[in-house]
Every structure is written in structure tokens, then in C-alpha cells.
Amino acid sequence: MWLKCDQILTEQGFISGFINIENQWIHKIESADFDVIPDMDFSGHIIIPGLIDIHLHGYKGLLNPIVGFDLVEFELFLNELAYQGTTACLPSIEPEFYPVVTSYRQQDNHSMLMGLNLEAYFSCEKYQTFRNFVGQPMQLSVATVDELMTQSNHLLKYVMIAPELKHAKEAILRFKEYGVSVAVGHTTMSADQFKKFQQDTPFDALTHTGNNMGSFHQRDVGVLGAGLLHDTLMAEVITDMVHLSPDMIEIILKLKTPDRCLLISDSVFLSGLPPQTYNINQGKNNLHVGDDLIIRDFNGDIQGCYQTLFENTMTL
């Protein structure tokens, strides 16, 4: 089957031309001067080979951070992601499981592993609920950064840090020496504090923009407001219409140009599983998947997104 489109995303950028699909795989891509009668014309639309998710934790029972996982399960996870339309990813993995990930070798029918994310690990005290499930992290320091890079075999490419943590500045600068991008998140900093911090220790992005970012007030817009007004900061956006309301998404898109927005899923190991209560820590903690497909903890707080990145984009 030949598809025609004037915006086909390739490794060389967007081109106008034709795509040949055989057995559900992209077989060939030809330029616009190629002589063929297309079976379908998608001119005026965009064709991409798949989606890239830089912030996710698991899916369909896979990569449970409490019980852990082996290489076979990690491969199943990447295969499932590809099936769900995510063809490249940067999963957030607990450091104790880095040996599993570093032993992985890329396979054709898997989502491409671009590296690792480390989200929610270095959180302020208010937003440490997830840490209570999986255990406390290492203390943030330059030595911690060096250890994480060694443990991950330098696969760690993206990390979230709450700027109010002790030694945050030194750690961020050390991560940047390794070429790691650093996002701000799980923070209660005021807008003035954050703007001052950003002057000499710049962040690269906002972690799941609007969520776990303290308060937004007319006299103190917090990290959310200051971050949205910052020209170069990227904004992670979850479009499941649960983490952000349609109005909030519209505000973000009015303050951030499309090239400053990163669509993410923030899916977790309970994403895609049937609605019910799940015992995740030998009776100590439960998470509940509701009939509304929202994952909540015992406090009623949202713990990750139920949908895949593709499903989220379909709600836009």
C-alpha cells in the first residue's frame, strides 16, 4: 500500500513524498517525484513513524518498582510500547534495577531505548508519596551524581530535581557536565526563589507541568507560572484531561510555542490494567484504578497516567 503525504517525518527531517507499507511495516519512503499512484492521499496531514515518550514508568503490570523486574520483563515492556505506538522512549527506572537495563540489547520489534529518565527520585518533602512506596533515595550530592552515572553505564540522560533540596545546585551542574538534561519538579519553591535559582543554575524543562509544583496564586505564581513565562524552558505536558484541564492546556500552548512542549504519558505499571484496588507493597499500601481510569493512592492523589502517549494525543 502506497501513502502520499506532503509532510513525512524521516531521519533527515520532513519530506514530501510517498510511503510504502507492507505487512504493517514501513517498507520504503520515496520522494515526491517518484512515479506511483497512491492508494491513500494524506496531503495536508503529518505522517510520523511513531511517538517518542521521554517520561514513563511502566505499563500493563510491567516494571513494578516494588517487586522489580528482570530482562525478559523489560523486553516485554519495550515490545508492548512499540505495539502501542511508542517507538522510542526514555523510561524512568529505579537505580537498583539499572543492571537489568544496562544488559539490554536493542531489538527490531521493540521501542528504541534512548536512555533513562530519573523522575520523582529527588523530590521535596511534600511530594514524596511515591518514594514512600518504593523506599528512600540516595542523598543528593555530586558523589551521588557520579554513582548514578556509573550505575547506569551513562544511560541516564534526563533527571528531575526539586531545587530546594540540599546540594541541588552542585548536583545539577555535575549532571550537566555529563550532558544530562535536568527538569524542575516535585517542588514548592516560590516564583521569586525559582527565578533567582534559574539565573545561575538553569533547568531545561518542567516535569509534568502543573502537577506537584506547589501553588499558583495571583501574588506568587510559583514554579508553574515562572516556568511558563521562561522563554527557553521546555514544558512536559500530559494530555489525558486528568492531570491538566483543557483550559490549562490552552494556557500552556499560549505561553509556550509548540517546539517548547513535550507530550508525555507518565504511564505507570498499573496503566492499562482493569479497574480495581491493587495491593502493591505487602499490605502496606494500595493503589486504586477507578472506573474513571484514574490511578489514585490511599490519599486520593493521582499516581501516574492510565493511558499511553498515543491515547493521550487522541484527546487533543
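A few points about this structure:
- Counted residues, the stretch 231-253 - those being closer than 21 Å to Phe203 by Cβ and open to solvent by 60 Å² or more (accessible area, probe 1.4 Å): 4
- Residues that are open to solvent by less than 40 Å² (accessible area, probe 1.4 Å) and either part of a loop (DSSP other than H, G, I, E, B) or closer than 19 Å to Ile264 by Cβ (or both), drawn from the stretch 152-170: Ser152, Leu156, Tyr158, Val159, Met160, Ile161, Ala162, Pro163
- Per this entry, Gly179 is not counted among residues that are at pLDDT below 95 and either among the polar types (S, T, N, Q) or open to solvent by 20 Å² or more (accessible area, probe 1.4 Å) (or both).
- Answer residue from the stretch 182-209, given it is hydroxyl-bearing (Ser, Thr, Tyr) and within 28 Å of Thr239 (Cα to Cα) and is most open to solvent (accessible area, probe 1.4 Å) among those: Thr188
- Hits in the stretch 1-55 - residues which are among the polar types (S, T, N, Q) and either assigned to a loop (DSSP other than H, G, I, E, B) or out of contact with any Lys or Arg (no Cβ under 7 Å at 6 or more places or on another chain) (or both): Gln7, Thr10, Gln12, Ser16, Asn23, Gln24, Ser31, Ser43
- Residues (out of contact with any Ser or Thr (no Cβ under 9 Å at 6 or more places or on another chain), at pLDDT below 95 and more than 18 Å from Asn212 (Cα to Cα)) located in the stretch 278-300: Tyr278, Asn279, Ile280, Asn281, Gln282, Gly283, Lys284, Asn285
- Among residues of the stretch 90-125, those that are outside any loop (DSSP other than H, G, I, E, B) and either out of contact with any helix residue (DSSP H, G or I) (no Cβ under 6 Å at 6 or more places or on another chain) or surrounded by fewer than 23 Cβ atoms within 10 Å (Cβ to Cβ) (or both), counted: 18
- Residue in the stretch 12-23 that is touching a His at 6+ places or on another chain (Cβ under 6 Å), under 26 Å from Asp108 (Cβ atoms), open to solvent by less than 30 Å² (accessible area, probe 1.4 Å) and at pLDDT 95 or above present: yes
The values are calculated or read from the model by the stated rules, or taken from the named source; none is laboratory data. The structure presented is a predicted model; accordingly, all values stated were derived computationally and were not measured. Positions of Cβ are backbone-derived with ideal geometry, glycine not excepted, and every protein chain shown enters the neighbour counts. Just so you know, the surface numbers come from the protein's heavy atoms only, side chains and all, with ligands and any DNA or RNA stripped out. Shrake-Rupley method; radii C 1.70, N 1.55, O 1.52, S 1.80 Å.
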